[in-house]
Structures are given as structure tokens and as C-alpha cells.
1. Please give the average number of partner chain Cβ atoms lying within 10 Å of the Cβ of each residue in A:113-120, rounded to a whole number.
2. What's the magnitude of the charge dipole for the range B:118-326 around its Cα centre, counting Lys and Arg as +1 and Asp and Glu as -1 at the beta-carbon? Answer in Debye, nearest 20.
3. Starting from the alpha-carbon convex hull of the range B:83-179, give the projected area averaged over all orientations, in nm².
4. Along the Cα→Cβ direction, 7 angstrom out, place labels at B:D366 and B:D147. What is the inter-label distance in nm?
5. Equivalent ellipsoid semi-axes for chain A, as square roots of 5 times the alpha carbon gyration tensor eigenvalues: give them largest first, rounded to whole Å.
6. Starting from the amide H of B:R262, placed 1.01 Å from N in the peptide plane, find each other amide H under 5 Å away whose residue is 5 or more places distant or on another chain.
7. Out of all DSSP beta bridges in the range A:74-154, what portion is antiparallel? Express it as a percent rounded to 5.
8. Rounded to the nearest whole Å³, what is the per residue volume of the convex hull around the Cα atoms of the range B:185-242?
Amino acid sequence: MKARSTQNIEHHIDRYRAVEGGLLPLLHAIQDDLGYIPQDSYAIIGKALNLSVAEVHGVVSFYHHFRTSAPGRHILQLCRAESCQAMGATALEHEAKSCLGIDFHQTTADGAITLEPVYCLGNCSLSPSVMLDEQVHGRVTSEKLNALIQAARSSE
Amino acid sequence: MSIKVYIPRDSAACSVGADQVAMHIAVEAARRGADIQIIRNGSRGMHWLEPLVEVETTAGRIAYGPVRPEDVSELFDCNFLYGGQHHLLHGLTEALPWLQQQERLTFARVGITDPVSLQDYIAHDGYRGLRRALEMAPEAIVQEVTDSGLRGRGGAAFPTGIKWKTVLGCEADQKYIVCNADEGDSGTFSDRMVMEGDPYVLIEGMTIAALAVGATKGYIYLRSEYPDALITLNDAIDRANSAGYLGNDILGSGRQFQLEVRRAAGAYVCGEETSLLESLEGKRGLVRFKPPLPAIEGLFGKPTVVNNVISLASVPIILDKGAAYYRDYGMGRSRGTLPIQLAGNIKHGGLIEKAFGITLRELLYDFGGGSASGRPIRAVQVGGPLGSYLPESQFDTPLDYEKFSEIWAVLGHGGIVAFDDTVDMAKMARYAFEFCAIESCGKCTPCRIGSTRGVEVMDKIIAGKQPVKHIELVRDLSDTMLNGSLCALGGMTPYPVLSALNHFPEDFGIEAAQSAA
Ligand SMILES: Cc1cc2nc3c(=O)[nH]c(=O)nc-3n(C[C@H](O)[C@H](O)[C@H](O)COP(=O)(O)O)c2cc1C
Ligand code: SF4
Ligand code: FES
């Protein structure tokens, strides 16, 4: 861990150590800040919250949202659930994978995009849906998907 | 006076460009010197018309949609600020049949008000339920909710008043109200629309629940896929605190209720109430054995009400207008209204709040206008990923918990996902197993192992390898899961699987006659 990351993590720990059921909010704060939860932070998290490293690992690995390595600059989540399937999500998924040259849970070589599956974005009346970072996009066609990918690749 | 222009901030509207449209309208108005006030409302639920822009005129609000940024300049040319003619004009919003034919009780304000404006909320009958509840004994509040016939809208349809009564009856130094806002079912978005479009109705409902059972602390467990709802809820909670509707002394009554939003982390099973409580405690979301019921030993071992967003958001109107008002809607033992979500391959998707009793066919064709693709609707899945697939021959079933259970189906959280005739039901059955395998909490073998086995067997069936033999295996596996799972994730995955098999055997490579168990 870089010194700065350690400092940030300690700051988050201070904020959440006394919060009831504070581990999830703490993990969210760390991931929001660093983009992921460094595995070598489990020890200091565990120490502060009175948990073993194995317990912290157990929690982090249980939840799909948490990641333990740095993602690309952008995260593209493709909805795979039924409503989006009814509107062509599977074809869109194949297209995205071949366009980006990666599978789910991987990051493009240029570090621009990490691709993730998601199971419903609550935008099912405008299926198929994807989420780029914090923004949902509905009625996604392959042109729209390509435009999103291009925009993400060329932005910081 | 400036002209009011409503452009939804709802994330569905924003998923098709509402933010850009709002920006274009602001810029264009400034350029033309038009005096307007933009209000970012919730969505009216007519999602095929989003972004739906409304302008307030002396006759009422007039709707234009779907508006793209490139339409904006032309709309100004056509004088849309005064209801001018344009091909995107739909006339008075309230007069649109889609809205007129609904019974909006829980969704009374969604799409109409500015979601975070307390003033708007109160001007539209908000907080009347709480004021009445503050005058009532806890037992009387619980009785009112019981008499309304309200059943949990999260899926299990358990009577809300009875759950509250159990919590009220517990002696404890601390009790909790937990709102289940994990809304994981595909085809559902009513919770999201309430949280983004009328957050105070949920806050009010939770506050009334707290008064009813004697709780002082509440949590909203919100799925991480809803970042906009998080912002809106936190904003509304802050404002409610400042105005004395939450906090240490609710409206000077001396009663207190603290409310906090907690983010989930992308596990479907955490929508199951005991898994949710584990997660709120900061642990892995492993499902708990019941008993004890959460009502008796819930969050941190304390008596806890766990209710869905819609259940809680339906409470204010029940307290305001009385149990009978709510109970008079509906049929049989399904009382009141259900916010139905129409999704998938459907021309007019969105939110329809109707009294129980409307049929699927009316929803799919009268409201939905048939499929989006123009092809015949072949199957619908009702009630999320653990809900059965229904063929056309069952489209006349009225929405009613008991009528659905008679045909081995569920209403769940009220989501309806339509598929046209290009769907391969064997693949949907495979997906049901796959989803269960991905989301299983791993506590019991039938669910954890059975779902993975199910995927393998479905792969063989899809490849055309010995379908009769493998279908036999699917039935055996389903039996084991149905009977041997601790929660409904494993226990109901057979619903989509077997309903697909029974109603669409031809997709599994066999004749209808061979499909009988
Ligand atoms: C796998 C699984 C997922 C669930 N997901 C949700 C959910 O996302 N939202 C919800 O309100 N209830 C969900 N439930 C139902 C809850 O366990 C519980 O019945 C509900 O929160 C109770 O509230 P209600 O009585 O107001 O419906 C789920 C159940 C299971 C088995
Ligand atoms: S059925 Fe599945 S999700 Fe439910 S408790 Fe068992 S393993 Fe966990
Ligand atoms: S199923 Fe894709 S947004 Fe709901």
C-alpha cells in the first residue's frame, strides 16, 4: 500500500470504527476513495473493528460490489437480467466484449474500461440498460454502446 | 411570473437524456429571454415518453415527449411554453388515458412535486398521516394498518399490521425500523421511483411505523445500484431533520426517530430480510434460520420491523384517509393497490398503480400496447427472477395473491417482464439456475450445488443431448431445491424453471405430452 492510501484508510477507519455495523460503510468509503479495497488493508481494518483478517476477507469477498484490485478509469456495467435479455442484452454483451477485447471482470489494456455484469439497474422499462460509472443509460443500441465506449476511452 | 417547466430527475428519465434536455431548455430560455423556472420532478411513470417535459399553463400541465436535446429549439419556436402545437405534444398530462385509468394512492405525488421540497410535500397532503398518528395510541396505529388489509409488497405478502403487532408486543430497550430498499428483482423499479420521486412518503411511513411499535432508530438498506436514490434520500432526510419531522423531538411531541441510509453491496440475497440484517450488522449476508423472527430478534438481536419501501410508503395514506379508504380497493384478500411495473419487450413500459384485480392482458395490451418489437408476446415473467413464466393462456389471471398462487405463480414485488416469440424458454430456465448459482449465499447444499448442477443439465438440454432423460433430472433437482432450501432463493428458483418447462416444452426439445412429470 502506498503511504497516502494507508493514511486515507486510517482516516476512514477513524470515522467508522464506532459506528454500529460499520464495516460495510467503511468498505464503501475506502472503495469510493481508492477505487478498490487493498488486501493489505485487512489487517488494520480488522484490528480497529475487532475482526480477524479472515473475517474481513470473508465480508469483502461475499459482496459483488467490492473489488480488491484497481479498476480502469471507467466502470461499464452491463445488465444481464431478464428484462434486458428480453430486449437484446445478450447480443449487446457479446458486442461489448468483442469490441473491448475483454471478458467480464477484466480491464482493457489501455486501462480505460473495466467491464462488469450487473443484475438489474431498475431501468427495466427502458431495457436494455447499462451503467457507465454512476450514470444509467437506457434503450441502449449497439451504436449508443459504441459511442459510450469511445467517449470513455478518450476521456480521463 | 416565470413559467414552470417540469423535467424529471428520475434516473430512468436521465437514462435517456433528461439532464441534457434540462440543460438545453435552460440555455435556450436564457438566449431567448424567456422567464422560466425549471423543476426537476419525479417521473410520471410513462417511461416510453421520457424525457417527458411538462409546462404549467392556466389549463393545467401540458406534456411533450419524448424530448431530445435537438428538439428543444424547435419546441421554443412552436411556443411550447404556452402549450403550442408540436408533434411531441400530448395535451394535458392528467388527461392521458395511461394516467387517468390508474388509482394512484402510494404514488399520488410521484411525478407531480419537486421530490426534495418539503413545502411541496406538505402542500400535496404530505405529513397528514403522521400528524394523525401522533394523536393516536400505538395500538390504534397498528390496528389501522391491520384493518387496511395491507400486505407486504416486498414479495412474501405478509400482513403488515400483524408484523407490527409482534414488534409492539416485545419489551426491549431498543427497537428498529428497517426499510428493505434492496429491490433486486429484474422488472422492478417502483421502490426506486418512490425514493427518487417522493422520498418523504417513505420517511413519513417509517416514522409512523416507529411511533406504532416504539422504535427510535431506522435504517434504509439501499442497493448500491441506485446512486441517485441515495442522494435524494439523504437530502430529504437532512431537510426532514431540520424541519423537525425527524430527530429528537418529532413535531414537538417529545418522540424521537433517527433515520439513516445504508448502502448495500450488490448481493441479491441481501434482499432476504435476515440476510439483510446480517449485512446491516456488517457481516456476510448469510441467511439466518427462523425462528427467531426478526420481529422478535432482528437487528443486533432487537425487535425489528423489516418492510419493503412500497409497504412503508403506503402507510401515510392509510393513516391520513383511514383503513377503510385503502381496503375498499382491491379484490379478495388482496386489498388496496399495487404499483405494477411493466417492463421487458413492451411498447409502453412504466409504472401503473392499480387496485388488485386487473388482469395481465389488460396490463400488457391496454396499458402496454403489446410488445416493443411488434411481435406476439409469448411469455411473461411476473414477480422477478424467482417468479413463474406465464403463457398467453394465463393472461386473463387477475392480479391477486391467491389467484396467482392457484396457478403456481407469484406476484412478488409487482414486476412484469414481457418476452416476444423470439425468446428461447430453455435458455431462460438455464438463466434462472445461473442466477441462483451466482447469488446463492452458500448456506445450504440444494441451493448452492443444485443451481450449478442445474446449469450443467440445462446446457445438455439446450445442446439437444438426451432431453427426456435430462428433463427428468431437472425435475428431480427442482424438487430437492423446492423442499430443501432455507430461503426462497433456492426454494423458488424452480418456479421459473418448471413453469418454463411445463408451458413451453417445445423449447426443451420435447413434445407437450412428454413434459408431464
Ligand atoms: C432472495 C430474496 C430476495 C429478496 N429481495 C427483496 C427485496 O429486494 N426487497 C424486498 O422488499 N423484499 C425482498 N425479499 C423479501 C424479504 O425477505 C421480506 O419478505 C420483505 O422485506 C418483508 O417486507 P414486506 O413485508 O413489507 O414485504 C426477498 C426475499 C428473498 C428470499
Ligand atoms: S436457499 Fe440459497 S440463498 Fe437461501 S439460504 Fe440456502 S444457500 Fe442461502
Ligand atoms: S433488468 Fe436490466 S435494468 Fe432491470
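The values are calculated or read from the model by the stated rules, or taken from the named source; none is laboratory data. Nothing here was measured: the structure is a model prediction, and the numbers come from that model. Cβ coordinates were reconstructed from backbone atoms using ideal geometry, including for glycine residues, and neighbour counts include every protein chain displayed. The area values use the complete protein model at the heavy-atom level, side chains included, leaving out ligands, DNA and RNA. Shrake-Rupley method; radii C 1.70, N 1.55, O 1.52, S 1.80 Å.
1. 4
2. Its charge dipole is roughly 420 debye.
3. Projected over every direction and averaged, the Cα hull of the range B:83-179 covers 9.8 nm².
4. With each label point 7 Å from Cα toward Cβ, the separation is 3.1 nm.
5. For chain A, the ellipsoid semi-axes come out as 33, 17, 13 Å.
6. B:I220, B:Y221, B:L222
7. 55 percent
8. 92 Å³
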